[in-house]
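This report concerns only the one structure given below.
Coordinate-derived values only; no laboratory data. Keep in mind it's a predicted model, so treat the numbers as computed, not measured. In this analysis, Cβ positions are derived from the backbone assuming ideal geometry, glycine residues included, and neighbour counts consider all displayed protein chains.
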C-alpha cells in the first residue's frame, strides 16, 4: 500500500526543481528574447482595438488580459517580444505586462507544442483514474508531462480543474476521453495527429 501511494504521489508532482522559478523569471533563449520577431496581424490589431473600446478613456490597461490572450492565440504561446508589443499598444510599462503574464498560469511563456494536452490532476480526477489518462497521453504524444515532443507537435501538462472553465471558453476545445477504463480510446487520434471528438 505504501509503495502504491509513493508511485501515485510521484505522478502528481510533475514540476522539477529546475523549473521552480519558471512562472516568475524570464530567461532569454534563442527562441524567446526581446528580438524574437512578433507583429500582430491586422485582424488581431482590430480585435485589440475593439477590446480597448470597452473601457473608459485612460483605462486601456484593463484590456491587458484580452490583448495577451489575442497574442497567445496568434503565436500559440507568449514570447517576451509579444509582451513588449502589448505594452506598446496599451501604453503601459512593460513591468505591468510581466506581472500579469507571470501571475496567471493560463499564459504560456514557453512553446507547448502545436497541440497542448492538459490532464486534470486534482483529487477527484485522480480518484476517477486520471493517472491512467495521463500515462496514455504521454505514450500517445511521445513526451512526459511538463515537456514537449521531439517534433514540437505535442505538449503534455497536468492542470487543475479544467472542466467548468474550459467548457465556458468557446474557442478552446475540450476533448473527452470516453471511458476511464479505456483511456487509450481518446488518445488514438493524437497518435496519428488528428483531433478526437470534442466534448459537448
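Distance from a point 7 Å along Cα→Cβ of residue 41 to each backbone N in region 54-87: keep the residues under 13 Å and list them by number. Answer for this model: 70-76.
For region 87-132, the square roots a ≥ b ≥ c of the C-alpha gyration tensor eigenvalues yield an a/c of 1.5 or more together with a/b exceeding b/c, which makes the shape prolate.
State the extension gain, in nm to one decimal, for the chain segment bounded by residue 84 and residue 59, taking 0.36 nm per residue of separation less the distance between their alpha-carbons.
Contour length minus Cα-Cα distance gives 7.2 nm.
Could you tell me the center-to-center distance, by alpha carbons, between region 92-162 and region 34-52 in angstrom? Result: 25 Å between the Cα centres. Calculated from the alpha-carbon coordinates, region 13-110 shows an Rg and a Dmax of 13.9, 45 Å respectively.
Among 131, 57, a tally of other beta-carbon atoms within 10 Å of each Cβ gives an order, fewest to most, of 57, 131. Going by neighbour counts of Cβ atoms within 10 Å, the residues 139, 69, 28, 157 line up, fewest first, as 28, 139, 69, 157.
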